[in-house]
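Data block below; observations after.
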Amino acid sequence: MSRIITYSPAFTIVPTYECFNRCSYCNFRTDPHQSPWLELDKAKNILSRLQNQKITEILILSGEVHPNSTRRQPWLQRIYDLAQLALSMGFFPHTNVGILTFKEMSLLKEVNFSMGLMLEQLNPNLLDTVHRHAPSKIPNIRLQQLEWAGELRIPFTTGILLGIGETSQDRIDSLLAIAKIQRKWENIQEVILQPYSQGSQEELQKESISNAEILEVITIARKILPESITLQIPPNLINNEELLLKSIELGVRDLGGIVPKDEVNPDYHHQTLENLHQTLNKALWQLKPRLPVYPQYYSWLSQDLQSKIQ
């Protein structure tokens, strides 16, 4: 058995924090028109400071502009331009900006090595609770995104949120749906198991799920999901070293993007890489960096993108 745990040396840039959704557990969003968009000149200055810091992935993470808004097209163009800028400066863009049309996904594929969208949970009852004011969290719409990513041959990251009001059966159903799509398209490279973690800016303010539940979900996920999917868990949302190592023993093989600031969970900071190395080495695991696209998907990329890897 390989004793390698991977991570992505990453940095997050945010085109805008504004979002027409208002999930009750969100610590990221602002109201529409209340968040200035990231200008390309400012983004270039940020990226230029990262060029000698061993950063490879640029995660483009955005709030959602309403599909019917007159600002939707400029928003999409800004995301495209930011990815293109990152590419031109030697970085590897990965975009996660919410629900997209097939045409929008096809456009962003040109300038991204991979893309992502959390499935979250498929139970429609959450539309009456945590997703009451979140129109793009309709389960079938999110499932459609995973299907389109497969059809477009986009290496994709998805995942489920844990502890937002779902049942154990809901978790199983969400994982089964991901597994079904993977068997059809083989486009899902990672599934994130992300525990809800109470933040200072949210409305929900509930307790996180227990460590025992986290370990139970990892065990179930590894049984349900095809081996071709790598299980990922954010180490900054795991509250102790023992839980992290148990999670790895049960099948987690990736720690995601290790970033200076977790924009989605800004109250939870990552450990230093040195500390993570020490924790894993004590248990005879090796921590190694990776790109945001896995090797088995290189052939899915355009020749231009493939040449940047080489």
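Scanning the range 100-156 for residues that are β-branched (Val, Ile, Thr) and under 26 Å from Ile309 (Cα atoms) yields Val111, Ile154. Looking only at the range 114-124, decide whether some residue is on the phi > 0 side of the Ramachandran plot, part of a loop (DSSP other than H, G, I, E, B) and at pLDDT 95 or above. Looking through the range 114-124, none of the residues is on the phi > 0 side of the Ramachandran plot, part of a loop (DSSP other than H, G, I, E, B) and at pLDDT 95 or above. With respect to Gly116, determine if the residue is small (Gly, Ala, Ser), under 17 Å from the mean Cα position of the chain (by Cα) and within 27 Å of Pro32 (Cα to Cα). Against the criterion (small (Gly, Ala, Ser), under 17 Å from the mean Cα position of the chain (by Cα) and within 27 Å of Pro32 (Cα to Cα)), Gly116 qualifies. Within the range 264-302, the residues that satisfy the criterion of being touching a strand residue (DSSP E or B) at 6+ places or on another chain (Cβ under 6 Å) and farther than 20 Å from Lys246 by Cα are Pro289, Arg290, Leu291, Pro292, Val293, Tyr294.
Residues Leu38, Leu50, Leu59: which one is in contact with a strand residue (DSSP E or B) (Cβ under 9 Å, 6 or more places away or on another chain), at pLDDT 95 or above and crowded, with 21+ Cβ neighbours inside 10 Å?
Numbers: Leu38 fails: crowded, with 21+ Cβ neighbours inside 10 Å; Leu50 fails: crowded, with 21+ Cβ neighbours inside 10 Å.
Going through Leu38, Leu50, Leu59 in turn, just one is in contact with a strand residue (DSSP E or B) (Cβ under 9 Å, 6 or more places away or on another chain), at pLDDT 95 or above and crowded, with 21+ Cβ neighbours inside 10 Å: Leu59.
When the residues of the range 91-113 are filtered to those that are assigned to a strand (DSSP E or B) and not polar (S, T, N, Q), which remaining residue is farthest from Trp37 (Cα to Cα)? So the residue we want is Phe92. Screening the range 102-122 for residues that are more than 23 Å from Ile192 (Cα to Cα) and of a type outside the set (A, V, I, L, M, F, W, C) and picking the one that is surrounded by the fewest Cβ atoms within 10 Å (Cβ to Cβ) gives Lys103.
One residue stands out among those in the range 1-21 that are of a type outside the set (Val, Ile, Thr) and outside any loop (DSSP other than H, G, I, E, B): the one that is surrounded by the fewest Cβ atoms within 10 Å (Cβ to Cβ), which is Pro9. Checking each residue in the range 218-263 for being closer than 20 Å to Gly165 by Cα, assigned to a helix (DSSP H, G or I) and in contact with a Pro (Cβ under 9 Å, 6 or more places away or on another chain) picks out only Leu237.
Against the conditions (1) out of contact with any helix residue (DSSP H, G or I) (no Cβ under 8 Å at 6 or more places or on another chain); (2) closer than 21 Å to Ile188 by Cβ; (3) in a helix (DSSP H, G or I); (4) not acidic (Asp, Glu), Ser307 satisfies every one except (2).
The criterion of being modelled with pLDDT under 95, out of contact with any Lys or Arg (no Cβ under 6 Å at 6 or more places or on another chain) and acidic (Asp, Glu) holds for Glu207. Would you be able to say whether some residue in the range 278-285 is out of contact with any Gly (no Cβ under 7 Å at 6 or more places or on another chain), surrounded by fewer than 13 Cβ atoms within 10 Å (Cβ to Cβ) and closer than 15 Å to Gly256 by Cα? The answer is no; no qualifying residue exists. Looking only at the range 37-61, residues that are hydrophobic (A, V, I, L, M, F, W, C) and part of a strand (DSSP E or B) come to 4 in all.
The values are calculated or read from the model by the stated rules, or taken from the named source; none is laboratory data. In this text, all values refer to a predicted model and were calculated from it rather than measured experimentally. Backbone-built Cβ (ideal geometry, glycine too); neighbour counts: all protein chains shown.
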